[in-house]
Amino acid sequence: MHRSLLFCSLFLWGIFLSAQDKNIWPTGEYFLSVNRTTLYDDNTENRSGFGAGVNFFYNSDKRFSMLTGIEYNYTRQFKYEFEEGRWCQSSDWDISMHLISLPVGFRYRPGSRKKFLLESGVFVDIPFKSTNTGEMCCYSPDFQNPGNMIGGCRQVTESGRISPGFGVYAGVGYRIPISKVDLILMPDYKFVINRLDAHMEVMHNRYVRLKIKLKIPGSKQNM
């Protein structure tokens, strides 16, 4: 599944870039965002994060438009217990992820005034840094004293080992014209399909965002 999403993303990126020439240039929307993970299991607590980025639109003055862009997303989650191997287990594990996100999707603007916005597409989240902080306990058999275990617990901060995330997203927004600038409020949801863990513990990353977007004048196409 994740290979298909990656191929789809790269294919649509190619179409998008091939359409750019001196007469057709994409409209840009710059944004800041806040996010919250949405993981519902007995071993996880959700945490808040933030992000920023820019989205580019082809045929942005049409009812249907194609979009891509580049984003930075910082997400967090908290694990009560985390398996590290046969002899080690972590607890109270705070997991933070720094991600570069590459979305490819479409926007639809219903209605005559085109103020409501609907978006959907695919994306890849590429981790460039992940940090785990918590308590790690490691015990192993004491071969000099059969039946006993040796080891102990300590507080650790270590680099995480996670895989890129491939998924789908959807959002709905509202455009507010302010003088020569358009302010756009858009909540969306990013659903990562594949597992990210390189440990024994299963780990996913799914999150809802609120994006505050700004379209500034200067592009050749109007919103």
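The values are calculated or read from the model by the stated rules, or taken from the named source; none is laboratory data. Nothing here was measured: the structure is a model prediction, and the numbers come from that model. As a convention, Cβ positions derive from the backbone with ideal geometry for all residues, glycine included, and neighbour counts pool all protein chains shown. These accessible areas exclude ligands, DNA and RNA; they are computed on the full protein's heavy atoms, side chains included. Shrake-Rupley method; radii C 1.70, N 1.55, O 1.52, S 1.80 Å.
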Problem set entry | Unique residue being touching a strand residue (DSSP E or B) at 6+ places or on another chain (Cβ under 7 Å) and either modelled with pLDDT of 90 or more or of a type in the set (S, T, N, Q) (or both) when the list is M136, M97 | M97
For this session: Find the residue count for segment 196-216, including only residues that are modelled with pLDDT of 85 or more and of a type in the set (V, I, T).
Result: 2
For this session: Give segment 84-110 a look and list any residue that's farther than 19 Å from N55 by Cβ, touching a Ser or Thr at 6+ places or on another chain (Cβ under 9 Å) and open to solvent by less than 20 Å² (accessible area, probe 1.4 Å), or say none.
Result: W93, I95, S96, M97
Exercise. Only one of these conditions is not met by R113: (1) open to solvent by 60 Å² or more (accessible area, probe 1.4 Å); (2) within 20 Å of K211 (Cα to Cα). Which number is it?
Worked result: (2)
Seminar exercise, completed: Over segment 169-201, the set of residues β-branched (V, I, T) and open to solvent by less than 60 Å² (accessible area, probe 1.4 Å) is I176, V181, I184, V192
Seminar exercise, completed: Those residues of segment 39-54 that are part of a strand (DSSP E or B) and either at pLDDT below 90 or open to solvent by 30 Å² or more (accessible area, probe 1.4 Å) (or both) come to a total of 4
Exercise. Restricting segment 62-77 to residues that are in contact with a strand residue (DSSP E or B) (Cβ under 8 Å, 6 or more places away or on another chain) and open to solvent by 30 Å² or more (accessible area, probe 1.4 Å), which is nearest to L32 (Cα to Cα)?
Worked result: Y72
